[in-house]
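Enquirer: Take a look at this one; I'll ask things after.
Values in this text are rule-based calculations from the coordinates and carry no lab data. Every value quoted in this text rests on a predicted model; they were computed, and no experiment measured them. Using ideal geometry, Cβ is built from the backbone for each residue, glycine included, and neighbour counts are taken over all protein chains shown.
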Amino acid sequence: MADRPAHNAPVLVIGLGRFGSATAEQLVKQGREVLAIERDPTLVQKASGILTHVVQADATNIDALKQLGAQDFSSAVVGVGTSIESSVLITVNLVDLGIEHLWVKAITSAHGKILTRIGANHVIYPEADAGRRAAHLVGGRMLDFIEFDDDFAIVKMYPPRETQGFTLGESNVRSKYGVTVVGVKSPGEDFTYARADTRVSSRDMLIVSGHVDLLERFAARP
């Protein structure tokens, strides 16, 4: 199993569509060095004012990748989404170059299976993930939703009425609903980890963890 990538290691980003460019920009904001590769000259020009290292090249050509030093990277993100064939070829090239940590955008589940089989150790479904997240948020009480494996999630949400004005010990959320209030954020104050004597007001936001179905049940409370 490959070691975890170093936190500040340079990252290779291939494809500067919406997903790739957003990923590259965020990495730069985090202080990471990024080499972005894009075949479309229009996207290259657009990104050149934001990213320091942007190169116009065809990443389906392994020789082009070698000339750019792609083999020196330990982490790469493939954001190519318009062509499954290009996505697969680029991923194969990166695997052949020995890049250990590959995050690759998949369009469909079949595409994702192919990527996994050829060596992509992190397959991302941005559209599907965003759709699931939006579905959880449209109810109105949840403000943010992050789902992990095994249907476990952490949400930021407004407190149900039955918790307002009571301490967490008094409202007994865990026993009643099977979810855990991890923290509380009051307006104008720092985030605080939840304790039994933490009192919840109607203006607070709760950070709650638990099984997705149980979180939905808790968030559905008036």
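Enquirer: Just to confirm the number: angle between the C-alpha axis of helix 84-96 and the first principal axis of the chain, 0 to 90 degrees, nearest 10?
Expert: Its long axis makes an angle of about 80 degrees.
Enquirer: What's the longest uninterrupted piece of the chain once you rule out the chymotrypsin sites (Phe, Trp or Tyr not before Pro) that are loop residues per DSSP with at most 12 other Cβ within 10 Å?
Expert: Formally, the longest exposed-site-free interval is 1-147.
Enquirer: Using a Cα-Cα cut-off of under 24 Å, which lysines could be cross-linked to K113, ignoring same-chain neighbours fewer than 8 residues away?
Expert: K113 reaches K105.
Enquirer: For the chain, what proportion of DSSP beta bridges, expressed in % and rounded to the nearest 5, is antiparallel?
Expert: Given both bridge residues lie in the chain, the antiparallel proportion sits at roughly 50 percent.
Enquirer: Only four residue types carry charge here, +1 at the Cβ of Lys and Arg and -1 at the Cβ of Asp and Glu. Report the dipole size of the chain about the Cα centre in Debye, rounded to the nearest 20.
Expert: Computed charge dipole of the chain: roughly 700 debye.
Enquirer: Excluding residues fewer than 8 places away in the same chain, name every one of the lysines whose C-alpha is closer than 20 Å to that of K29.
Expert: K46
Enquirer: I've got another one for you. Output the relative contact order of the chain, whole-number percent, from Cα pairs under 8 angstrom with separation of 6+ residues.
Expert: Reported as a whole number, the value is 14 percent.
Enquirer: Quick one: if you stick a label point 7 Å off each Cα along the C-beta vector at D151 and S83, how many nm between them?
Expert: It is 4.1 nm.
Enquirer: Additional query: Sort 30-41, 118-129 by packing, meaning the average of other beta carbons within 10 Å per residue, with the highest value first.
Expert: 30-41, 118-129
Enquirer: Could you work out the helix-only [θ] at 222 nm for the chain, with each DSSP H run of four or more residues adding -39,500 (n - 2.57) and the total divided by the number of residues, to the nearest 500 deg cm²/dmol? Working shown, then result.
Expert: Values: 9 runs with 77 residues, N = 222.
Taking each H run of at least 4 residues, the total per residue is -9500 deg cm²/dmol.
Enquirer: Can you tell me how region 130-219 classifies by the Cα gyration tensor, rounded, prolate or oblate, using a/c under 1.5 as the rounded cut?
Expert: prolate
Enquirer: Moving to a separate point now. Report the Cα centroid-to-centroid distance between region 7-73 and region 88-135 in angstrom, as an integer.
Expert: 17
Enquirer: Okay, next question. Just one of [x] 21.7, 65; [y] 17.1, 54; [z] 16.5, 49 is Rg and Dmax of the Cα atoms in Å as worked out from the coordinates here. Which one is it?
Expert: Answer by label: [x].
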